[in-house]
1. Assuming R0 = 51 Å, what is the FRET efficiency of Ala201 and Phe311, from their Cβ-Cβ distance, to the nearest 0.05?
2. What FRET efficiency do you get for Thr248 and Asp319 if R0 is 22 Å and r is their Cβ-Cβ distance, rounded to the nearest 0.05?
3. Go through Gln276, Ala243, Gly230 and say which Cα lies farthest out towards the positive end of the charge dipole of segment 221-325; charges sit on Cβ, +1 for Lys and Arg, -1 for Asp and Glu.
4. In debye, nearest 20, what is the charge dipole magnitude of segment 50-156 about its Cα centre with +1 on Lys and Arg Cβ and -1 on Asp and Glu Cβ, if you could check?
5. Which value, in debye to the nearest 20, gives the size of the charge dipole of segment 221-325 about its Cα centre, when Lys and Arg are +1 and Asp and Glu are -1 at the Cβ?
6. Over the Cα atoms of segment 223-330, how large are the radius of gyration and the largest Cα-Cα distance (Dmax), in Å?
7. For Arg158, list long-range residues whose amide hydrogen, built 1.01 Å from N in the peptide plane, is under 5 Å from its own amide hydrogen.
8. Which FRET efficiency, nearest 0.05, do Glu239 and Glu327 yield, Cβ-Cβ r, R0 30 Å?
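FYI, it's all coordinate maths here, none of it is from the lab. Every value quoted in this text rests on a predicted model; they were computed, and no experiment measured them. When we count neighbours, we look across all protein chains shown, and the Cβ atoms used for this are built from the backbone with ideal geometry, even at glycine.
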Amino acid sequence: MERRRYVAGAGTILTLGIAGCTGGGSEENGESENSGGESDDSSDSDATANPEATEALESAGEDLDEALDLILDEIDNAWAYSSTDASISTGGVETALESANASIEEANEAATTDTQREWVSELELVAEFVDQFLDIIVIVGEGINQISTSISYENNSRYEDAADSLSDAGATFEEANSQIDGLNETFAELGDGTDTGVDYAEAEDAIDELDELISGYLLAMEAGIPFDRGLADYNTAYEAFQAEDYGTAANIFGDALEHLEEAESMYRTGEEEVTQSLRDTFITQTCYTGKYVEITELMMEASEEADAGNFGEARNLADEANAVSVETCG
């Protein structure tokens, strides 16, 4: 991803000197120097920009730029769905934002012109935007950790626990999703960046990407939960089958089939709804769920045949299920 530059330059400050008198100070036509009706009030053009404020504002802009770049790096990392390597680290962002806020406060105290004060206000809003973005990224990180926990459960065939972890992750991503509107509202207050040199168009792209990321994760959780519950039921049914409790096995294989068919439908629908970054994952999961649907159907039929005393047919169906189980996806 091309790195965004939100606050590069952070605007240009105009330093205007006080106009001096070039005449000898004599009056013409009997009028004084103030005969033009000029106000005695001081205006922005009569003040000199404080270089210390300018320096602090430039420093704040650099820190905010760094914070946003780091946030975008974390969005890139967050796309690594279904990998325990997907993680969020916000220490650098927090440090840069803290430094920016300190510089903004320093500039606010030292500002001497309206232009500098407007610059302060703009960067305060940018800092608020970054802070809101950071809050959402932190929540996304919590959701990713819950997915990693689910994957660990899956690797140990603890599918009910895996489904519960995915359910927790789904609630976490819903929380992150609920804060997108607030982020958009703050962005809307930033204007178009014409007077500051800030490229807000790229900031808007970043919001869109974050929105797509969260939406993709939510779809993955919605499909993954019935998939794991289906696998949990399948294992329970298979244990009953091995124990020759064929009637119970048939019933529980039926429960597993319902979960797996639901998951397969969700993954197949999601293929068209997620971005390219997650599409391959959904296509692969559609294949796996389809395979388990076929296996479960065969084992349910084998259980029903065995329960009816047709053991030869039950054995053939179980062998067919085993053949399907060794087929690969992706």
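1. Numbers: r = 69 Å, r/R0 = 1.36.
FRET efficiency, Ala201 to Phe311: 0.15.
2. Numbers: r = 22 Å, r/R0 = 0.98.
E between Thr248 and Asp319, to the nearest 0.05, is 0.55.
3. Gln276
4. Values: 1 positive and 26 negative charges, 105 e Å.
Taking the Cα centre of segment 50-156 as origin, the dipole is about 500 debye.
5. Numbers: 5 positive and 24 negative charges, 68 e Å.
With only Lys, Arg, Asp and Glu charged at Cβ, the dipole is about 320 debye.
6. 14.8, 50
7. For Arg158, no residues qualify.
8. On the way: r = 23 Å, r/R0 = 0.77.
With R0 = 30 Å, the Cβ-Cβ based efficiency is 0.80.
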